[in-house]
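Enquirer: Input: one structure, supplied below.
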Amino acid sequence: MILAATTGLAACGGDNNKEAKFDLKMGDIVPLTGDLSPYGPPGRKAADLAVAEIRKAIKQAGVDQTVSIKHEDEETNPQAAVSAARKLADAGVSCMAGAWASADTIPVAKSVAIREKIVEISPSSTAASIRDLNDDGFVNRTAPPDNLQAKALADHIASSLGGANGKTVNVGARNDFYGTGLADAFPKEWQARGGKIGQKVVYDPEQPSYNSEAAKIVSGNPDAFVIVDFPETYGKVGPALVRTGKWDAKKTFITDGLADSELPKTAGAASTEGLRGTTVGSFTGANQDAFDKLYTSAPGPKRQTFDSQNFDAVVLCYLAAVAAGSSDSDKMKDELRDVTGPPGTKYSFTQLPEAIKALKNGDDIDYEGASWPIDLDDKGDLSRYVYSVIRFKNGKLSTVKQVTPTAEEK
């Protein structure tokens with residue numbers, strides 16, 4: 001699906017009054033099938049809404065630009081994600097929103113984005129190892145790294161158990177960059193608080209059955225469980241845990257990969273009722289309220305975790321091009337940090353026409369996202385974060401509270 005927008009005059013960034021007419025082709029690698037499929041359609045909708053807002057801004061600002069986006073299904077599969085990225089590269093995109101799973105984003109970065117010099121902005125890949133890629137600034141994300149989620153999760157479990165000292169937690173995690181990253185990061189945080197790790201069970205997400213893995217996860221009578229997974233696989237892991245007769249959902253804590261409002265339908269009430277945990281949150285304020293109104297008033301799927309982050313990824317692709325005065329990705333990637341952080345006048349997506357004019361005049365801007373302040377650092381990571389403490393109660397996913405660690409806490 002391609003959305004295109006064309007209007008009149010010129011815009012630029014960097015040099016004052018540098019005229020810039022460009023045709024920006026963007027890609028959206030999104031999980032329409034596979035383990036992360038609950039997140040795909042809302043993410044695609046958010047990307048299309050971003051393009052619609054950009055189109056309106058182009059018209060209001062009176063600039064001569066064409067903007068289009070093409071969606072490809074990553075299938076929550078590394079090989080499929082790379083194939084999707086190659087299709088977008090062949091289509092001439094300068095910037096890609098996605099991929100979503102860390103296990104997809106890393107091979108896309110190594111095989112396509114870095115080699116072909118295409119800006120990649122993931123809305124949801126949280127593996128800490130992404131930060132270590134030798135990417136020359138082409139790989140970025142609008143979601144925070146897992147090392148901080150591990151910290152938020154450890155704090156939440158400690159609070160729930162009346163402290164961590166001497167308490168044992170068993171960990172079960174899918175065997176990919178996301179699962180093993182958190183399965184390594186959480187124990188470090190838990191042990192630093194005086195807690196113990198009983199079992200750490202890493203399992204193949206493609207297995208047909210998880211009875212033996214479930215038996216290992218529940219062994220030893222731990223004080224709590226941590227499960228790091230995606231909805232489709234947990235649809236088999238959860239029931240296997242229930243069948244052991246030794247597992248309690250109310251003693252189990254999850255991470256953002258399972259923060260899916262449809263999880264009770266996927267895995268069943270016995271596997272979900274009482275689950276608690278952490279997920280990527282959202283700042284509250286006028287920008288977030290405006291996005292919620294924009295999204296919920298449009299037809300299509302309901303809101304889902306990471307939808308606003310994908311919206312921001314698409315907007316950032318565009319603003320980087322405006323700042324560069326070009327759809328040349330090599331120039332665009334050098335502008336991302338400048339348009340996302342201070343110094344500069346703050347602009348939200350509702351003020352895109354004003355942001356375009358400011359960049360055209362050579363002024364510095366600070367894009368304030370629909371999800372949160374972006375403020376990318378020199379490795380393409382956020383400088384500020386929000387996590388939501390969540391729970392499943394009466395078949396519904398709800399947010400209990402939010403915590404906001406800062407970059408200094410890395």
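Enquirer: HN-Hα J couplings of segment 54-65 from phi, Karplus 6.51/-1.76/1.60, θ = phi - 60°, integer Hz, Gly and Pro as x?
Expert: 4, 4, 5, 5, 4, 5, 5, 7, x, 10, 9, 9
Enquirer: OK, next. From the Cα gyration tensor of segment 174-215, with a ≥ b ≥ c the square roots of its eigenvalues, which class applies: rounded if a/c is under 1.5, or else prolate if a/b is larger than b/c, or else oblate?
Expert: Details: a/c = 5.83, a/b = 1.74, b/c = 3.35.
Oblate, since a/c reaches 1.5 and b/c is not below a/b.
Enquirer: Further question on the same structure: Report in % the part of the accessible area of segment 123-177 that belongs to carbon and sulfur, leaving out ligands and nucleic acids; probe 1.4 Å. Display every interim value, and only then the final one.
Expert: Values: 700 of 1630 Å².
Solvent-exposed carbon and sulfur of segment 123-177 make up 43 percent of the total.
Enquirer: Right, something else. On a straight-distance basis, which lysines could pair with Lys196 in a cross-link, Cα separation under 21 angstrom, same-chain partners fewer than 8 positions away excluded?
Expert: List returned: Lys151, Lys167, Lys188, Lys216, Lys246, Lys250, Lys251.
Enquirer: Residue by residue, what Karplus-based ³J(HN,Hα) values in Hz, rounded to whole numbers, does segment 152-166 have, using 6.51, -1.76 and 1.60 with θ = phi - 60° and x for Gly and Pro?
Expert: 4, 5, 4, 4, 5, 5, 4, 5, 5, 9, x, x, 9, 4, x
Enquirer: Compare the Cα positions of Ala91, Leu32, Ser125 along the charge dipole of segment 17-137 (+1 at Cβ of Lys, Arg; -1 at Cβ of Asp, Glu; about the Cα centre) and return the one farthest towards the positive end.
Expert: Value: Ala91.
Enquirer: Using per-residue counts of other Cβ atoms within 10 Å, averaged over each peptide, order 353-364, 297-308 from highest down.
Expert: The packing order, highest mean first, is 353-364, 297-308.
Enquirer: Using the Cα centre of segment 160-287 as the reference point, and only Cβ charges (+1 on K/R, -1 on D/E), how large is the resulting charge dipole? Debye, rounded to the nearest 20.
Expert: Numbers: 14 positive and 14 negative charges, 116 e Å.
So the dipole magnitude of segment 160-287 works out to roughly 560 debye.
Enquirer: Just to verify a number: FRET efficiency for Lys396 and Thr244, C-beta to C-beta distance, R0 = 22 Å, to 0.05?
Expert: 0.30
Enquirer: I'd like to know which of Gly166, Val315, Val201 lies farthest towards the positive end of the charge dipole of the chain, counting +1 on Cβ of Lys and Arg and -1 on Cβ of Asp and Glu.
Expert: Going by the Cα projections, it comes out as Gly166.
Enquirer: For a quick check of your reading of the filter: which GluC sites (Glu not before Pro) in segment 160-252 sit in a DSSP loop and have no more than 11 other Cβ atoms within 10 Å?
Expert: Glu206
Enquirer: Follow-up. So what are the ³J(HN,Hα) numbers for segment 391-401, from phi and the Karplus equation (6.51, -1.76, 1.60; θ = phi - 60°), rounded to whole Hz, Gly and Pro as x?
Expert: Listing the rounded values in order: 7, 9, 9, 6, x, 10, 8, 9, 9, 8, 6 Hz.
Enquirer: Evaluate the charge dipole of the chain about its Cα centre and quote only its size in Debye, nearest 20, assuming +1 on the Cβ of each Lys and Arg and -1 on the Cβ of each Asp and Glu.
Expert: Around 1320 debye, computed over the chain.
Enquirer: Note down the relative contact order for the chain as a percent, whole number, built from C-alpha pairs under 8 angstrom at least six residues apart.
Expert: This gives 20 percent for the chain.
Enquirer: What length, rounded to one decimal in nm, is gained on full extension from Ser209 through to Arg303, with 0.36 nm per residue of separation minus their alpha-carbon distance? Write out the running numbers ahead of the final one.
Expert: On the way: separation 94, 0.36 × 94 = 33.84 nm, distance 3.11 nm.
Difference between extended and current length: 30.7 nm.
The values are calculated or read from the model by the stated rules, or taken from the named source; none is laboratory data. A quick note: this is a predicted structure, and the numbers were derived from the prediction, not measured. Glycine also receives a Cβ, built like all others from the backbone with ideal geometry; neighbour counts cover every protein chain displayed. For accessibility, only protein heavy atoms count, side chains too; no ligands or nucleic acids. Shrake-Rupley method; radii C 1.70, N 1.55, O 1.52, S 1.80 Å.
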